[in-house]
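First comes the structure, then the notes that go with it.
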Amino acid sequence: MVGMRDVARKAGVSLSTVSLAVNGTGYVADATRERIEAAMAELNYVPNELARNLFRGRTNLIGVTIPTVAHPFFAQLTAALQRHLHDVGLRMMLCSTADQERGESEYIDMLKRQMMDGIIIGSHTNQRPEYWQGIGRPVVAFDRFLGEGISSVCSDHVQGAHLAARLLIDSGVRHVVEIGGPRSQFHDLAVASNAGDVDDESFASVLSATVDADDTTFPTVRYHLTFERDLAEAGVRCDYVAVDHVSDPSLFEKAAEDAIRRFPDADAIIAPDLAAAHCVRLALREERVAASAAAGSSVPGSVRRIPDDLQIIAYDGTTAAELAGMTLTVIRQDLDAIAAKLVERMQEAIAAENDADSHGKRERSSAAGSGSLSEASSSVAASCDLIPVTLVRGETTR
């Protein structure tokens, strides 16, 4: 196997000169560099990328944690992240925390031991802000607020809530059912320590009194609370159905069945793409069964027809929304823009660390977000890039 020593002998230079030329770590005269490159070409020498990166203190490897790859949203986000990381010469190491018990802690350990250049946290975490601030290595969060000085990229969920609520209120709805994740994940700071365990029904009132003080690291809660407040101000009833865990796709179908059957008077449902698609299919099936039973007569009034009697909005706008059998109205998150901003913030964090190291000390990046601030609190806005969402109308709303 050809090595640097072979190149040095062929070019008639020292091993250290070849090292300087290959790693770009010092001055090498043009004539000398040409001889080295000619020797490398003749010997078919390929530099050891791993060794070169370790010499520079870099691996070009970024860890990414997500809850699960089984969910279409995280699968598409992961694909977008991989593309954008590749475009800037970085590689991705993926951890699906639902499928890997010690995934987060193992990745943090690898980061501390400089086996990765940085980590993007896109999974739920129960760690306190001081834990993340104490790592002293590049960390960027997606849809999480991990602590002061740690960059975060989020969809503008408050904007999304207003868009969805206004559409439904203007259409005259009276009873809306929300489908979402377990609210227990929404209170991982002050509420968790002060309120103890609470069920889904009572949790909304507990969280409403604390969320404005940034007691949660989970910004999606602001979507739910804003949506519920908008409906309440308009006199619209709102009920909540929880999906126990995003890693099990069958639970989205179960939540859709609960929403359709438990609330027969509901005239609107807003849900993640998978659950929204199931809601459409269930409603269409009930309509077909009722029409068949009526032996050709008009469909009974007790059957909810989409969108006249039941409107459905999907929140996310992934490919899963295309499986409904009708074109769903969606609140679409811009996954490509999210991925691009996450990679941009990671590059900035790495550059800041390198700059700090060059001055003999380690500092954290404190880049501020530049997105739409909507109604997020000032302390949240100071550390988060908010990526706008889009309302895309389909056949499932009026």
Specify the residue that is nearest to the chain's Cα centre (by Cα); the eligible residues are those in the stretch 304-334 that are among the polar types (S, T, N, Q) and under 21 Å from Val153 (Cα atoms). Gln333
Out of (1) more than 12 Å from the chain's Cα centre (by Cα); (2) at pLDDT below 90, what's the single condition that is false for His124? (1)
Pairs only if they're at least six apart or on different chains, beta carbon under 7 angstrom, first in the stretch 316-343 and on the phi > 0 side of the Ramachandran plot, second in a loop (DSSP other than H, G, I, E, B) and modelled with pLDDT of 95 or more; list them, first residue then second. Asp316/Gln333; Gly317/Gln333
Is there any pair linking a residue in the stretch 214-230 that is assigned by TED's automatic domain parsing to the domain that holds Ile179 and of a type in the set (Lys, Arg) to one that is part of a helix (DSSP H, G or I) and modelled with pLDDT of 85 or more, with Cβ under 9 Å and at least six apart or on different chains, and which? Arg222/His157; Arg222/Val158; Arg222/Ala161; Arg229/Ala161; Arg229/Ala165
For the subset of the stretch 248-270 comprising residues that are aliphatic (A, V, I, L, M) and touching an Asp or Glu at 6+ places or on another chain (Cβ under 7 Å), which member is surrounded by the most Cβ atoms within 10 Å (Cβ to Cβ)? Ile270
Selection within the stretch 110-152 - aliphatic (A, V, I, L, M) and in contact with a Gly (Cβ under 8 Å, 6 or more places away or on another chain): Met110, Leu111, Met116, Ile119, Ile120, Val139, Val140, Ala141
Only listed residue being farther than 30 Å from Val140 by Cβ and in contact with a Pro (Cβ under 8 Å, 6 or more places away or on another chain), chosen from Ala259, Ala277, Ala290: Ala290
Would you mention how many residues in the stretch 95-116 are out of contact with any Ser or Thr (no Cβ under 6 Å at 6 or more places or on another chain) and farther than 20 Å from Gly136 by Cβ? 4
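For (1) at pLDDT below 90; (2) of a type in the set (A, V, I, L, M); (3) assigned to a strand (DSSP E or B); (4) not assigned by TED's automatic domain parsing to the domain that holds Gly122, each residue gets a yes or a no:
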position: Lys10; (1), (2), (3), (4): no, no, no, yes
position: Val28; (1), (2), (3), (4): yes, yes, no, yes
position: Ala39; (1), (2), (3), (4): no, yes, no, yes
position: Leu85; (1), (2), (3), (4): no, yes, no, no
Does at least one position in the stretch 89-102 carry a residue that is at pLDDT 85 or above and among the acidic types (Asp, Glu)? no
Could you pull out the residue among Ala295, Ala290 that is at pLDDT below 90 and at positive phi? Ala295
Just to be sure I understand the filter: pairs with C-beta atoms under 8 Å, separated by 6 or more residues or on different chains, first member in the stretch 26-45 and polar (S, T, N, Q), second member assigned to a loop (DSSP other than H, G, I, E, B). Which pairs pass? Thr32/Val13; Asn44/Val2
Do you know which of the residues in the stretch 132-184 that are polar (S, T, N, Q) and surrounded by fewer than 17 Cβ atoms within 10 Å (Cβ to Cβ) is farthest from Thr226 (Cα to Cα)? Gln133
Hand me the list of strands (runs of 3 or more DSSP E) wholly inside the stretch 305-388 holding 3 or more residues that are modelled with pLDDT of 95 or more and of a type in the set (Val, Ile, Thr). 329-332
Can you go through Asp244, Asp239, Asp258, Asp248 and tell me which one is over 24 Å from Gln333 (Cα atoms) and not basic (Lys, Arg)? Asp258
Enumerate the strands (runs of 3 or more DSSP E) found wholly within the stretch 115-162, keeping only those where 2 or more residues are in contact with a helix residue (DSSP H, G or I) (Cβ under 7 Å, 6 or more places away or on another chain), in contact (Cβ under 8 Å) with a residue 60 or more places away in the chain and closer than 18 Å to Thr68 by Cα. none
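The values are calculated or read from the model by the stated rules, or taken from the named source; none is laboratory data. Keep in mind that what you see is a predicted model, and the values were worked out from it rather than measured. Don't worry about glycine lacking a Cβ; one is built from the backbone with ideal geometry, like all the others, and counts go over all protein chains shown.
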